[in-house]
Each structure stands twice: as C-alpha cells, then as structure tokens.
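Trainee: The structure follows.
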Amino acid sequence: SVTTLALLLLALPATASWLENDANPVFSPPGGASWPTVVHDAAQFPGAGPPAAWKMWFNRAEGPTAAPAPPTSPDGRTWTEISGDLGLTPGLEAPRVVHDPNRFGEGPSGPLYKMWVSDRTAAIASIRLLESEDGLSWTDRGLVIDGFVEFDHLWNLSVAYRPLAGGGSPTDSVYLGFAGKGSTVTFYSSPDGETWTQEQALTLDAHHPAP
C-alpha cells in the first residue's frame, strides 16, 4: 500500500528549537503530498502567476497527477488548491523552486521561476532544470547534473539562491545538495543554476538526515 502523506508546519523561535504548529497537518490533499518547496513573496508575486503571499510546489504521493499546480496561502497555514498540473514528465520528483522578480539577472528574457527536479526517468537519476513565467507552465532546459553510478538515486534535493547586490545583477551563487546511498551528501555551487561545480561531500549518520 502507498502511505498517504500530509505536510506539517514547524516554526523556529529565538530559542532555536522547533515547535510544531497546533493546526498540523496544514495541507493534506487527496492522494497525499511530499517533497514540498514553499516560497514566500510579501509582494505576492506580481506578474508571476496567481497572486498570493505563499506558494507551494510538491509531489502527489499517489494518483494521476504527480505534480499538481502549486496551492497558495495568505499565511503559510491555510492553503487553497489550484486545479490543473504542471505537465511534468512522470519520474520528475522533488521539485525545488526559487523565484526572482529581477529575472535572475538574465535580462528581460530571463525567467521568473527556476525549478530543479530529480529525474528518475534515466538509467541513473540526474538533476534537471526547468524555467517558468508563472510557476504553472514550465520549459525544460535539460539535465544540469548527471547521475553517478555509486548512487542509487538523487533525493532530498535542496536549492538556495542569493543574487548579487543590485537587483539586476547576475546570479551570485546557487547551492544544490543531494543525498544518495550511504547518506552521502554532496554540495555544488553554480553562477547560473545550469553549470555546477562540486564543492564538498560528507557522510551523515542516521541521527543527521540529509537536508
């Protein structure tokens, strides 16, 4: 049987310990949800799809729609589903999305969203980049990190984006982490989200799971 998953909300106060939200689960759609990316924009994503303070991209645990359209929320606690799906190829998992109203310093033709996904359709899972204007319709830009034989697959993908000072400047760096066999986590850095350089690898024990 397939375990139906729900998403929980935790908060980090000044005490640096996590407190579970009393209303959990905050999002439990039919078919379950996993691998969420939650993005916040106080300006409500102007000109970049449905307006909302919070948006979430996730995988459905079961059902015909593997990558639904991102639900929206005014506060990160109450979520409203949007009909439709992202049209992703089955086997693209764990969407990690970043948004930049300055189009990642790539000029007027640059995207407003970038998404990195684990591509399980190949013999060896790899990382694929997609781009979007509204967070709903995505253009596939191809593989950006090939898989490695020593890993069963790439999972627990994490991406952090930080632009250079000055809004329209090129990307400073995007960081990517993934875990594979033996709980090995490898970190990469990139100037544009497409060309990646391996920076560090470490092994985590069972008490320190991958990010």
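We did not get these values from a lab; they are worked out from the coordinates using the rules stated. Quick caveat, the model's predicted, so the values are computed rather than measured. Cβ atoms come from the backbone with ideal geometry, glycine included; neighbour counts cover every protein chain shown.
Trainee: Stretch residue 106-residue 40 to full length: gain in nm at 0.36 nm per residue minus the Cα-Cα span?
Mentor: Values: separation 66, 0.36 × 66 = 23.76 nm, distance 2.15 nm.
Gain on stretching residue 106 to residue 40: 21.6 nm.
Trainee: Oh, and also: What list of ³J(HN,Hα) couplings, whole Hz, do you get for the stretch 78-92 from phi and the Karplus terms 6.51, -1.76, 1.60, once you set θ to phi - 60° and write x for glycine and proline?
Mentor: Each residue of the stretch 78-92 in turn: 9, 10, 10, 6, 10, 5, x, 9, 7, x, 7, 5, x, x, 8 Hz.
Trainee: Need one number: nm distance between label points at residue 139 and residue 75, each 7 Å from Cα along Cα→Cβ, rounded to one decimal.
Mentor: Placing both labels 7 Å along Cα→Cβ, they lie 3.9 nm apart.
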